[in-house]
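To start, the structure itself, in structure tokens.
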């Protein structure tokens, strides 16, 4: 380094050196030095460029001082760059590496990345240019190299497909790193092949066969209590590793080689009656009796599933042959009815034959033997003879021994004992009816008759047709001599509204009209040439449709309809009080009603004799509900049976209990009521006749709610309760209810009721559905109390004590502050208790969900019944003290205002109201929900904030627009709650999506085919396990605002649209799958479409929500703003989103033909009538809308709406918006206890979710005291 000075000579300059490698204190340690006079810089020793001790660049400072001046100094920086020589070999950080790979990995599947280090200069030739090779690779059975390595990156991948852990579980390879000059280093990699559940469990046999005797279910209760009989043990083997198995069941495989944990199940499509079960050890048991005569062979499909990820399954078939036992008694082959005329001599009456359902090839059945029952009365034994004929399969010949008089006895019932040839032999006493035919051998006397006719008010004129109401009666001991008689009007003066058949004496009414009538007739007997008179009094009674719909019903056996209404004892020839009148009086006294009418009497069958009786009752002019009538009669059943000496088989007729219901393989069943007003039921006796309403019942194998969902939405089928008003769009199928204050259910139901601890109320029983979800909310400060009970409310009938007794029931209660569920679905009572982290009687609202596949509320009105039903557990009889609300079964919300019956209860929840008033809680756009302790605002959709005072901000999404947000709170992997408002005319669009980082676990809400759909997948390995909910009954692409709420817990989910209701709610129940948790990424919330990132700044939005609006998003109760970031969420990215939700002014260029005007329906227009007018029937003009002429309102009334899309309202008095011409409807008239009987022979299983194993029936939501949300506490993670 040299310097120059214009005034001085350079020889007088002195140079010094400092900087890197210069030790000013000890020169001997310096790496550099400088000649002080010449400025030459020297390297004192060899320099190392490479790290860690070397330095590729050295910075020195040279100072030049003029010795002749007073310290004038100049300086310069010197940069010394070291040129690299390749003197370092590459090296690996470790001498040995490990990696894992799944055995099902495909070609090119990533294994691991190795990186070697070379400290030489990579920019100097090939000094640090490292390449990677595998020197000690492995080959498969075909000689192919198994692994490959990228020479530049060091990424090791598979070179072949599908390694097999069961063959080779581990590979070790040698990897070499080489630089540009050939310097090398090596390391080893051990690659472990991890198990993938690729080998399904294998049954030791594919097909299994077993024979089992059918169960003898003839005699008593013990025979019907089938023990869980083991009939077979199936075994499987599984070659997969135990390390991949995490299921709750464990078995030892048959060959001891497998370590998998295997779970078994029976495919229910192969066992729809659930007659078999299989446990964790593969033991198949008989759960219910088998009857060869109904089904001789059962073919079960058995599934075995291991616990791998993903789980693998296999199936085997079990064929069960039911062997015959002689368990059926013989019966007569026909319902024999023989006739002999009175006064005739002894004769051969006829012959009878028998049959048997048992298998004759097993020696069961014929030949049959016959004899007259030795216990027969003296009259029978003296009057008849039964002669056994052993030829063939056996028969009996019947003879009469004497003459008979019909006026003494009209018929004789011969008890005949029939015995089969089986072992042990079966014997039955059958009945042969011998009718004594009439001969006209008695004179007539003047007669009379009373006829009662019922009809429904406002029936169509077509139904007011000619109706037969009975036959003219005279006092005549003969009753087969109609052909000898001729009937005339008295003085030949017919009544204008009646018709008489002169040959048969049948009276018909031309126009059934309310009133009292007296008719007179003359009857002429040609045999005796005699003429007498007859009077007929007719009372025609008008019924309201509501009276029919709220009728109580009783089924009676052992009596005919004619015997039920008979007022004449033909033997004593005296008038008597009929069973019809006596039952009416008994019911009146038990019900304590002011008015009662038995209006329907229908004979269901002849053998055995069964009749159905229907009645309505009023108290203080109010119609009593069917639930109340049936429940009270059920509790007083013994009184009626003793007073009337009747055998009552059902109270609240339910066909699902009979043979029809037992044919329902789906386990869902509803009793349909078919009303036929064109065909009234005539029961005609000599002195009285009844023309009743033809209301018949039949079993339909569907859940009651499923049928309601299939109805087209209109105000004609949409009932708004409690004075609510049905609102229907004039331009779409959009229907809703405008409800009074506090009646905010989907159909204006009152949601809550308060209980004092000394009261209770009755509700309609739960419908019988193959899958059920019951939910409710409660708050209390009392540690014990019954929340609901669903089951028998009276001891079984004395006549049924020796037959199978239905024990089914369900109850929910608080015991010591914990939720306790008891249930018995035919296999014994079970108990489930939620051990919540703190007692539930803390005065806060709690939610309970009960889910099971296939009630009185707040207390009970009956005493303990466990001694009658042999329940292992007994529900409490302590009344509930607190509030209960939102009782929902499969989407049906119970109305807590108009309940069938209640004692010591109050509508609403005054305690909560008092808390709101005490704390002066004001909710501007919502309502205050108070507990015993706090009050908080629950905002209406579109509002948020502490007092619901802040409007939420709607956003309109255009093509390819979206918003991605990041949440500031953790999402519960087991439970998710999503709600939002949306408005759209798109038929396909995605609204919102939550997912994990790799998008394999997700939940999303979308519009598909104009219907709302929710999809979610919790399996991180496979997308084929996706679950889906779709509301197939409602179109949402109608331009209206819709509110959607989704709740997911585990694999189950509930989706409710616009507040819910039967048509607007759907569920998926899955607690069996191993995947119950959904792990979200906080930053994965995307609104408006499915966003894919192709690169920096490059995105594609699939299924975008173009021209749609979204508002008021809430995740787990937290309000998510699309306007700006908050402490709840932050907006990460947004594209093409517009403030507000404005229409596109579709009427701007539209000119409608007069008198029509253009109406903006949001992104759509329609030429229609202006407000206050309606379109004429031919759609060519408008007329003043001054009266209700709308079909949807059924001509009841109408008012106009402020919403142009909702141009009118239906406002139906007495909630009567139904079409009166409808003759087919559903009627749930059964009481609480009778509904419980729906579960007879229908095994229901309770799905459970609990800690770790997801196995608790009851999920309790403990609400946080958050003003913004109703978040669920993590009670069970």
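All of the numbers you see were taken from the coordinates with simple rules; none came from a lab. Treat the numbers as computed from the prediction; the structure is a model and nothing was measured. Note that we place each Cβ from the backbone using ideal geometry, even for glycine, and neighbour counts take in every protein chain shown.
Relative contact order for segment 959-1035: what is it in percent, counting Cα pairs under 8 Å that are at least 6 residues apart?
Value for segment 959-1035: 19 percent.
So what are the radius of gyration and Dmax for the Cα set of segment 86-206, in Å?
Cα-based Rg and Dmax for segment 86-206 come out at 17.7, 70 Å.
Which percent, nearest 5, of DSSP beta bridges in segment 331-437 are antiparallel? Can you show the working numbers first?
Values: 26 of 31 bridges.
Just about 85 percent of them are antiparallel.
Any idea what the relative contact order of segment 337-441 is, in percent, if you count C-alpha pairs under 8 Å spaced at least 6 apart?
Relative contact order comes out at 36 percent.
Can you give me the three principal axis dimensions of segment 626-699 from its C-alpha atoms, in Å, biggest first?
48, 36, 22
Roughly what % antiparallel, to the nearest 5, for the DSSP beta bridges in segment 91-194?
Close to 75 percent.
So what does the Cα-only Debye profile of segment 444-542 read at q = 0.17 Å⁻¹, as log10 I(q)/I(0), no solvent term?
Computed log10 I(q)/I(0) values: -0.73.
Order of 744, 306, 594 from fewest to most other C-beta atoms within 10 Å?
594, 744, 306
Please list the equivalent ellipsoid semi-axes of segment 544-702, computed as the square roots of five times the alpha-carbon gyration tensor eigenvalues, in descending order and whole angstrom.
That gives 25, 19, 16 Å for the three semi-axes.
Going by how many other beta carbons lie within 10 Å of each one, how would you line up 325, 301, 512, 139, fewest first? Please report the intermediate quantities before stating the final value.
Numbers: 325 18, 301 15, 512 22, 139 12.
Fewest to most other Cβ atoms nearby, the residues stand as 139, 301, 325, 512.
For residue 265 and residue 1145, what does the FRET efficiency come to when R0 = 56 Å and r is the distance between their Cβ atoms, rounded to the nearest 0.05?
Rounded to the nearest 0.05, the efficiency is 0.40.
Normalised by the residues of segment 10-81, what does the relative contact order come to in percent, with Cα pairs under 8 Å and at least six apart?
Working: 121 pairs, mean separation 22.6, N = 72.
Relative CO of segment 10-81 lands at 31 percent.
Fewest first, what order do 377, 270 take by the number of other Cβ atoms within 10 Å? Before the final figure, lay out each step's value.
On the way: 377 12, 270 15.
Lowest count first: 377, 270.
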